[in-house]
1. For Glu86, all conditions in the list (1) among the charged types (D, E, K, R); (2) modelled with pLDDT under 95; (3) touching a Phe, Trp or Tyr at 6+ places or on another chain (Cβ under 9 Å); (4) farther than 28 Å from Gly173 by Cα hold save one; what is the number of the exception?
2. For region 14-41, give me each residue that is basic (Lys, Arg) and either open to solvent by 70 Å² or more (accessible area, probe 1.4 Å) or out of contact with any helix residue (DSSP H, G or I) (no Cβ under 8 Å at 6 or more places or on another chain) (or both).
3. Restricting attention to region 158-184, which residues are open to solvent by less than 70 Å² (accessible area, probe 1.4 Å) and part of a helix (DSSP H, G or I)?
4. Would you call Ala122 farther than 25 Å from Leu194 by Cβ, open to solvent by less than 70 Å² (accessible area, probe 1.4 Å) and more than 13 Å from the chain's Cα centre (by Cα)?
5. I want to confirm something. Restricting to region 42-82 and keeping residues that are in contact with a Ser or Thr (Cβ under 6 Å, 6 or more places away or on another chain) and part of a strand (DSSP E or B), which single residue is most open to solvent (accessible area, probe 1.4 Å)?
6. Go through the residues of region 232-244 one by one and say whether even a single one is surrounded by 15 or more Cβ atoms within 10 Å (Cβ to Cβ), under 24 Å from Tyr91 (Cβ atoms) and β-branched (Val, Ile, Thr).
7. Leu225: assigned to a helix (DSSP H, G or I) and modelled with pLDDT under 90, yes or no?
Amino acid sequence: MKEKTFQQTVGFSIKDTVALYWLYKTQQAECYSVEIHKTFQNDFPGRPVGYEYVARIAKQLEADGALKVRQEQKRLFYHATELGIERLRRYEKLYFQQFHEIVLVLDRFYYALTKNGEKPAAPNHPLPEEFRAYFSKLISVKDIVRYLALKLSQTRSSFYMAEVGQQLEDVFGWTPSNGYLYQIAREMEETDLLVGYWPDERRTVRKLKGTDAGTAFYDVIAKSLEERITTTRHYLRYMLAFFQNKSA
């Protein structure tokens, strides 16, 4: 699976992130480009940027009025202006709570897939409605539903799709709409990942059970989901630490 870029993962381009980093680091003290370049590499490992790029972003922020500059010999020192600090606070207000709530859900999926670290606490509230669309951009909802449905198919002789939705809500704090759950169930039946049948003539609740193809596909979907959630969780945690003024 090809790894998605930082921008594709969290909606921030490298340019956005470097610009915010400049504002964050210079809100209380002056900094120069070499210093920012070095600390950015430490705080965001795996996101390499060149020194010239970091210096160019500072020039752009200066032109926008978000940074002010002081020259000492050949070195340029930058300090965030009131306009720059307001921009930083605006991003923090817009994204911090969203990232925080989504990371809570991702932590639970990460533990379920890897068993790494301490088991997260059970959810005491679902993912807020206003963050659901963004969550769906970060993680494949279809893969999550298929993963849990196939997992249930390996531990039960039969199950209902409603049980998948209930487990997603109770264990992870998030579930898609019922309509989408049943759409995925139909697709899984059509591709022989599950077998469905009506237990009686009323045809009110459809039962599902596993197949050999579904069992084989489970490992594939679990690995793909683990890679995606690990990467996304990693990036969002860096962004949270960044907004919290802590080292990632």
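The values are calculated or read from the model by the stated rules, or taken from the named source; none is laboratory data. Owing to the predicted nature of the structure, the values given are computational and were not obtained by experimental measurement. Reconstructed Cβ throughout: ideal geometry from the backbone, glycine too, with neighbour counts over all protein chains shown. Side chains included, ligands, DNA and RNA excluded: accessible areas come from the protein's heavy atoms. Shrake-Rupley method; radii C 1.70, N 1.55, O 1.52, S 1.80 Å.
1. With respect to (1) among the charged types (D, E, K, R); (2) modelled with pLDDT under 95; (3) touching a Phe, Trp or Tyr at 6+ places or on another chain (Cβ under 9 Å); (4) farther than 28 Å from Gly173 by Cα, Glu86 is out only on (3).
2. Residues satisfying the conditions are Lys15, Lys38.
3. As a first pass, look at region 158-184 and keep what is open to solvent by less than 70 Å² (accessible area, probe 1.4 Å): 158-159, 161-165, 167-168, 172-177, 179-181, 184.
Scanning region 158-184 gives Met161, Ala162, Glu163, Val164, Gly165, Gln167, Leu168, Phe172, Gly179, Tyr180, Leu181, Ile184.
4. Values: farther than 25 Å from Leu194 by Cβ: yes; open to solvent by less than 70 Å² (accessible area, probe 1.4 Å): no; more than 13 Å from the chain's Cα centre (by Cα): yes.
When the stated conditions are applied, Ala122 does not pass them.
5. Among those that are in contact with a Ser or Thr (Cβ under 6 Å, 6 or more places away or on another chain) and part of a strand (DSSP E or B), it is Lys68.
6. yes
7. On the way: assigned to a helix (DSSP H, G or I): yes; modelled with pLDDT under 90: no.
For Leu225, the condition - assigned to a helix (DSSP H, G or I) and modelled with pLDDT under 90 - is not met.
Let's see how each residue does on (1) under 27 Å from Pro120 (Cβ atoms); (2) over 27 Å from the mean Cα position of the chain (by Cα); (3) among the basic types (Lys, Arg):
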site: Arg156; (1), (2), (3): yes, yes, yes
site: Leu181; (1), (2), (3): yes, no, no
site: Ile184; (1), (2), (3): yes, no, no
site: Met188; (1), (2), (3): no, no, no
site: Thr191; (1), (2), (3): no, yes, no
site: Gly196; (1), (2), (3): no, yes, no
site: Asp219; (1), (2), (3): yes, no, no
site: Ala222; (1), (2), (3): yes, no, no
